[in-house]
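Since the structure comes first, as structure tokens, the remarks are kept for the end.
The values are calculated or read from the model by the stated rules, or taken from the named source; none is laboratory data. These figures come from a predicted structure and were not determined experimentally. For neighbour counting, all protein chains shown are included, and Cβ atoms are generated from backbone atoms with ideal geometry for every residue, glycine included.
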Amino acid sequence: MNPTTLKLDIAATAAALVVEEGLEYGPAKRRAVKQMGLPARSELPGNDEVEDAVREYIALFCADTQPAELAALRVLALTWMERMAPFRPYLGGAVWHGTATRLSDIYIQLFCDDPKSAEIALIDHSVDYEPRSVTGFTGDSVEALSLSSFCQGLNENVGVHLLVYDHDDLRGALRPDSKGRKPRGDMVDVQKLLMTNQETSS
């Protein structure tokens, strides 16, 4: 099998794991290689290729349910963005790009003058969260404040991750991604997405 075809097959298998099991792209690609019985060092598809495969999978298998699930997650994301408004929140990930399902977590990036201020705000509001380190979009390690929040539209709890960046990182955060899209959106952008969603579904 030629390498391009093989990478597309890995992307398709990974996409099914992303949608059906809620895996992130990295773990999904590694699991796909294992599941397909391929060598561990097989060349992996890029995230863009996996995202394209996720969109195809959703269109084929989840077209009836996914739009409502995505809208419910965006409503919850907006709620948390409003709560964290002083910290310049931006929505990223699958909920922003439109590939999220009920198994997806919400990723909100905060751009703070003081990195501890967001954490103090959660403590002040008695929010139960877990701090951990993750790799941010800059490639450096950033603090993530992870919590569970009830999503009314899905009638279940959803993982919400608040990634804490320096205010200076905001400039680089708004550069278009490899597909020329906005890589993340602010509260106004998310409100627009929800309004567009309501217009298309009514």
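State which residue is surrounded by the most Cβ atoms within 10 Å (Cβ to Cβ) when the search covers only region 99-125 and only residues that are part of a helix (DSSP H, G or I) and among the charged types (D, E, K, R).
Per the stated criteria, the residue is Glu119.
Within 24 Å of Ser178 (Cβ to Cβ) and among the aliphatic types (A, V, I, L, M): which single residue out of Ala72, Ala94 fits that description?
Ala94
Within the set of pairs 6 or more residues apart or between chains, which connect a residue that is of a type in the set (Lys, Arg) inside region 21-37 to a residue that is part of a helix (DSSP H, G or I) with Cβ atoms less than 8 Å apart?
Cβ pairs passing all conditions: Lys29/Ile10; Lys29/Ala11; Lys29/Ala14; Lys29/Val50; Arg31/Ala14; Arg31/Leu17.
Please determine, by comparing only the residues of region 139-161 that are of a type in the set (Asp, Glu) and in a strand (DSSP E or B), which one is surrounded by the most Cβ atoms within 10 Å (Cβ to Cβ).
This residue is Glu143.
Could you please give the count of residues in region 25-54 that are closer than 28 Å to Gln198 by Cα and crowded, with 16+ Cβ neighbours inside 10 Å?
5
Answer with yes or no whether Trp96 is assigned to a helix (DSSP H, G or I), touching a Lys or Arg at 6+ places or on another chain (Cβ under 8 Å), assigned by TED's automatic domain parsing to the domain that holds Leu163 and not β-branched (Val, Ile, Thr).
Considered against the rule, which asks whether it is assigned to a helix (DSSP H, G or I), touching a Lys or Arg at 6+ places or on another chain (Cβ under 8 Å), assigned by TED's automatic domain parsing to the domain that holds Leu163 and not β-branched (Val, Ile, Thr), Trp96 comes out as yes.
Tell me which residues, restricted to region 162-194, are without any contact (Cβ under 8 Å) to a residue 12 or more places away in the chain and in a loop (DSSP other than H, G, I, E, B).
Of everything in region 162-194, those that are without any contact (Cβ under 8 Å) to a residue 12 or more places away in the chain and in a loop (DSSP other than H, G, I, E, B) turn out to be Leu174, Arg175, Pro176, Asp177, Gly180, Lys182.
Quick check, is Arg41 farther than 14 Å from Ala12 by Cβ, part of a loop (DSSP other than H, G, I, E, B), out of contact with any strand residue (DSSP E or B) (no Cβ under 9 Å at 6 or more places or on another chain) and not assigned by TED's automatic domain parsing to the domain that holds His167?
For Arg41, the condition - farther than 14 Å from Ala12 by Cβ, part of a loop (DSSP other than H, G, I, E, B), out of contact with any strand residue (DSSP E or B) (no Cβ under 9 Å at 6 or more places or on another chain) and not assigned by TED's automatic domain parsing to the domain that holds His167 - is met.
Counting only residues that are surrounded by fewer than 18 Cβ atoms within 10 Å (Cβ to Cβ), without any contact (Cβ under 8 Å) to a residue 40 or more places away in the chain and either part of a helix (DSSP H, G or I) or acidic (Asp, Glu) (or both), how many does region 55-78 have?
Going through region 55-78 one residue at a time, the tally reaches 3.
Just the residues that are touching a Leu at 6+ places or on another chain (Cβ under 9 Å), closer than 24 Å to Val18 by Cα and of a type in the set (Val, Ile, Thr), please, taken from region 101-146.
Thr101, Ile106, Ile108, Val134, Val142
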